[in-house]
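Novice: Input: one structure, supplied below.
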Amino acid sequence: MLNVAILMGRLTADPELRHTQNSIPVTSFTLAIDRSYAKSGTERVTDFIDIVAWRSTAEFAAKYFRKGQLVAVEGSIQVRAYVDKNGNNRRAFEIQASQVHFAERKRDAYEAPGGTPPQYEPSAPPAFDNSGMGDFEEIVGTDDDLPF
């Protein structure tokens, strides 16, 4: 049998780390995931998927992920049964994360309002030492000289 889920979406809130009575780290968070299609003339629908992470995965998510960040989650679908406050039997579908990943570049401090991007100086091309190449010779010329 196979139960694998891979999702990518934006966090709706900062993950908060909690601990069970046995001191096992756990966090839960929700991903907002746009559907890949929309009927013509309508807006794209967004699904909100609940994620739960345990142990080191929970600690990692709580430490590094923030609201609005694009996150990729790998895990499995699980169904949890419970009784609500009115005594009704309910079921909750959620993803139990086995791995969580950054899905966009790290947000730099310059992205804060009023910040400026860092300036990068172009570097010189690397120098190569071909003294240890033996019988091999460096091909000098344009790509027009190559036989392919």
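Novice: Full-extension gain between TYR82 and GLU43, please, as 0.36 nm times their residue separation minus the C-alpha to C-alpha distance.
Specialist: Working it through step by step, the gained length comes to 10.6 nm.
Novice: If a/c stays under 1.5 just call it rounded; otherwise compare a/b with b/c (prolate if a/b is bigger, oblate if not). Do that for region 5-107, with a ≥ b ≥ c from the square roots of the Cα gyration tensor eigenvalues.
Specialist: Oblate, since a/c reaches 1.5 and b/c is not below a/b.
Laboratory data are not the source of any read-out in this text; all were calculated from the coordinates shown. The structure presented is a predicted model; accordingly, all values stated were derived computationally and were not measured.
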